[in-house]
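Okay, structure first, notes after.
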Amino acid sequence: MKKNICSLLATLAFAGSAVFSQAAFAAPVDISSLPGAVKLSTGGSLTFSDKFKNNQKNNFFNDLFTFDVAHASDLSLVLTSRSSSALNGLNLTGFGLYSSVNNAQLLGGDQLLSGIDDKWTLSYANLAAGSYYLKVSGNVVSNTGAAFSANGSLVSAVPEPGTYAMLLAGLGLLGFMARRRQNAG
């Protein structure tokens, strides 16, 4: 009986160490934030960002940022993340523009830098009116906090009616000045 108890205790101790070692090597966890809205300001500039707490090493994220386009516009963005070394911070693995209607990817971003500085760009000319989202993917490479941010612009691809009116008024003024000179000379 004493031998059975010792055997049982040894089995429990082994099982406990196995559970502990599994916790030490836990599978990566999805730490994506809830979808957020792109901050659009007058003049067409836009921004969005996210930050991650300490102790998130090896976890991954797919953050979504939504926005609406009222009329055809040109979109231009730069996404960055900076860390003290390539062994800290984030590893940005994807950046894309998607249609909110059918979740289809319209354009993938271009990765320019990876390591201490991660940098991606995305440009889309003549984006039609509608609802869209940007998706940023990556993983945390250390237990220190980390962040990314994006800046860019969303400007009208087609001039506003007021722009055409100013152009016509300017041309009319030039015609008037030319005719006046012709009559004076």
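The values are calculated or read from the model by the stated rules, or taken from the named source; none is laboratory data. Because the structure is predicted, anything quoted here is derived from the model rather than measured. As a convention, Cβ positions derive from the backbone with ideal geometry for all residues, glycine included, and neighbour counts pool all protein chains shown. Only protein heavy atoms, including side chains, enter the accessible area calculation; ligands, DNA and RNA are left aside. Shrake-Rupley method; radii C 1.70, N 1.55, O 1.52, S 1.80 Å.
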Out of the total accessible area of segment 99-155 (probe 1.4 Å, heavy atoms of protein only), what percent is carbon and sulfur? 48
Please give the net charge around Leu77, taking every other residue with its beta carbon less than 15 angstrom from that of Leu77, where Lys and Arg add +1 and Asp and Glu add -1. -2
For Asp117, Asp110, Asp63, what's the largest-to-smallest order of accessible area, 1.4 Å probe? Asp110, Asp117, Asp63
1.4 Å probe accessible area per residue over segment 64-140, in Å²: 47
